[in-house]
1. Can you give the relative contact order of the chain as a percent, counting alpha carbon pairs under 8 Å and 6+ residues apart?
2. How much FRET efficiency would the formula 1/(1 + (r/R0)^6) give for Ser109 and Asn365, where r is the Cβ-Cβ distance and R0 is 45 Å, rounded to 0.05?
3. Once amide H atoms are placed 1.01 Å from N in the peptide plane, what residues at a sequence separation of 5 or more from Glu364, or on another chain, have their amide H within under 5 Å of its amide H?
4. In the structure shown, do any of Lys42/Lys113; Lys357/Lys427; Lys10/Lys83; Lys302/Lys428 have a Cα-Cα gap over 25 Å, and if so which?
5. Could you let me know the centre-to-centre spacing of segment 71-91 and segment 302-354, using Cα atoms, in angstrom?
6. Separation of segment 269-296 and segment 369-428 by C-alpha centroid, Å?
7. From the square roots a ≥ b ≥ c of the eigenvalues of the alpha-carbon gyration tensor of segment 205-363, which class results: rounded (a/c under 1.5), prolate (a/b over b/c), or oblate?
8. Could you size up the charge dipole of the chain around its Cα centre, putting +1 on the beta carbon of Lys and Arg and -1 on that of Asp and Glu, and report it in debye to the nearest 20?
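Here, each number is a calculation from the coordinates, and none is a lab measurement. What you are looking at is a predicted structure, and each value in this text was computed from that prediction instead of being measured. Using ideal geometry, Cβ is built from the backbone for each residue, glycine included, and neighbour counts are taken over all protein chains shown.
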Amino acid sequence: MGKPIATIEKAMEFIYGTSWKGSNLGLSRITEFMKLLGNPQKKLKFIHIAGTNGKGSTAAMLAGVLQEAGYKTGLYTSPVIHKFSELIQINGIPVSDDELILLTGCLQSFSEKMADAPTEYEIITAMAFVHFFNKQCDIVVLEVGMGGRLDSTNVIDTPEVAVITSIGLDHMVQLGGTVEKIAGEKAGIIKQNGTAVCHPQVTSVERVIREKCIKMNSAVSFVEKENISLVESNLDGQSFIYCDVKDLKIPLLGEHQLRNAAVAIETVKILRERGWKISEIALKNGLNSTSWPGRFEVMRKKPIFIVDVAHNPQGIQATLDTLQKVLPFKKPFFIFGVLADKDYEKMAELLAPHAKKLILVTPENPRALPATELQKCIKDLNISTETTVCETIAQGVKFAIETAESNDVICALGSLSMIGLIRRLCKK
């Protein structure tokens with residue numbers, strides 16, 4: 001029997017404890033765990049979101065809209081940018097330390113009854129379900145951690161809407177080496193007699209999703225890019241029209257965010273059909289008030305300093321497209337750090353032609369690729385862009401700001417692990 005949990009430090013020790021496995025795809029442990037806990041997830045309503053890129057932004061938009069509509073809205077996302085509690089929110093308020101201590105104590109006693117201990121991610125997912133049930137949430141926006149079919153969040157029954165955002169190549173070891181295989185895993189959240197809303201996809205991926213929907217007798221609608229019309233875009237946000245809905249605004253930048261917003265609007269249409277009362281004003285205010293740190297976020301203006309969570313080739317390309325639209329004719333200083341299990345060669349190939357200089361850093365993560373190795377990789381790829389290795393992320397940020405002119409652009413990207421620290425450094 002573990003010692004009673006009385007402090008937030010002990011709670012974090014339990015969650016991140018050495019006895020747990022970080023992540024291990026499969027539903028057997030989480031199913032057993034939730035049964036021991038009384039299956040609170042079966043008494044909640046969900047919007048379930050899977051995809052490679054854009055899950056978090058889409059989830060934040062939907063949570064904002066539902067909150068504006070007057071619903072008590074749970075939001076479960078990952079990974080952490082600053083603090084653990086931000087993973088589990090209700091109406092934008094993260095779970096408190098006191099609540100975490102109580103939840104962890106409850107989960108500890110049940111997890112000890114299991115022969116095959118739950119993983120760290122399963123512990124956190126179970127904690128979110130229990131918290132949302134205890135607080136009697138009207139609806140929960142639930143972001144998949146990895147994949148979909150075997151992700152812990154997929155222990156839920158048929159959601160109000162299954163949402164699939166942009167699909168690309170990431171987590172290929174776990175999910176498969178082609179976009180079609182990855183799409184098959186993501187489409188695993190589509191359940192019997194449900195409804196799905198999808199981001200525009202390449203033809204082969206769309207086919208996989210449609211086949212899954214037919215198999216599950218699930219209705220499906222795909223956002224069409226042609227129905228999105230940009231009205232204005234600047235560093236403060238974007239205004240646009242989607243189908244017949246005018247005067248829409250989001251503070252998030254990039255064409256990809258317009259598509260994510262369109263996915264959110266389509267999801268709202270389905271929710272309305274299912275009886276949820278969401279006015280046009282709630283929709284517009286919810287979208288316009290979306291706050292999602294680290295998504296092409298402008299941290300300062302002279303020089304312009306942007307942080308972005310792009311951490312795979314698809315994300316990097318989206319960031320480059322946004323830079324080209326919002327800040328044309330600018331070659332940024334890129335602060336670039338990566339994890340060793342990502343397709344960093346392709347990421348470097350994409351970034352290099354657009355960079356004034358690549359400032360290479362090592363993310364604070366056990367899976368990080370040392371900046372010196374990233375520099376060697378860039379040299380081996382015959383990329384002529386000038387590179388500088390900085391020993392720490394803080395040195396990289398300092399070097400970039402001191403080197404750049406006031407009218408230059410700095411953009412930090414490549415790994416989620418760096419974003420929290422870089423945001424804090426910029427705010428200082």
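1. On the way: 862 pairs, mean separation 65.4, N = 428.
Once normalised by length, the contact order is 15 percent.
2. Values: r = 31 Å, r/R0 = 0.70.
After rounding, the FRET efficiency stands at 0.90.
3. none
4. Numbers: Lys42/Lys113 21 Å; Lys357/Lys427 23 Å; Lys10/Lys83 15 Å; Lys302/Lys428 14 Å.
In this structure, no pair lies more than 25 Å apart at Cα.
5. 26 Å
6. Between the Cα centre of segment 269-296 and that of segment 369-428, the gap is 35 Å.
7. On the way: a/c = 2.42, a/b = 1.49, b/c = 1.62.
Here segment 205-363 falls in the oblate category.
8. Values: 49 positive and 47 negative charges, 80 e Å.
The calculation lands at about 380 debye.
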